[in-house]
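Peer 1: My structure is below; once you've seen it, I'll send some questions.
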Amino acid sequence: MVLTDKHYLGTLCKRGHDYRGTGNSLRYKKFRSCVRCSKQQHTKYVEDNQDTIIQYRQEYYQKNKAKILQKQNIYNKHYYQENKKDINEYQKFYRGQHNKGTDISMEDCLEVK
Ligand SMILES: [Zn+2]
């Protein structure tokens, strides 16, 4: 766990989560709650409510399927346009590592032949 601009060192929390022997707890600036307590609570919540969460996600997905897929599609296209060069370079590198000899770019893949 590291200090970022989202965290600060505050008073020791009630569970005594000491941050690297400083005698303080790492807390979220936004909520002022201890990071480790929050994580524990979240893990516990997820464990206790696994079925509810899965059901909620599925319902949310079903209700908003069109919207989600559209968003993803736009995002993917946008992301590809923005990062075309990097993606192609990465793919070339990746293929070079795993499948020596072939040199197909994303553009080649997108073209239906
Ligand atoms: Zn704590």
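FYI, it's all coordinate maths here, none of it is from the lab. Small disclaimer: the values here were computed from a predicted structure and weren't measured. Neighbour counts run over all protein chains shown; Cβ positions are idealised from the backbone, glycine included.
Peer 1: Which number gives the lysine pairs in the range 7-67 that have C-alpha atoms under 23 Å apart and are eight or more places apart or on different chains? Don't skip to the end; give the middle numbers.
Peer 2: Working: LYS14/LYS29; LYS14/LYS30; LYS14/LYS39; LYS14/LYS44; LYS29/LYS39; LYS29/LYS44; LYS30/LYS39; LYS30/LYS44.
Qualifying lysine pairs in the range 7-67: 8.
Peer 1: PRE reach from TYR90 (point 7 Å along Cα→Cβ): which of the range 43-84 fall under 13 Å by backbone N?
Peer 2: 76, 79-84
Peer 1: Follow-up question, since we're still on this one. Just tell me which lysines come within less than 24 Å, Cα to Cα, of LYS92; anything on the same chain fewer than 8 places away is out.
Peer 2: Candidates past the 8-residue exclusion: LYS77, LYS84, LYS100, LYS113.
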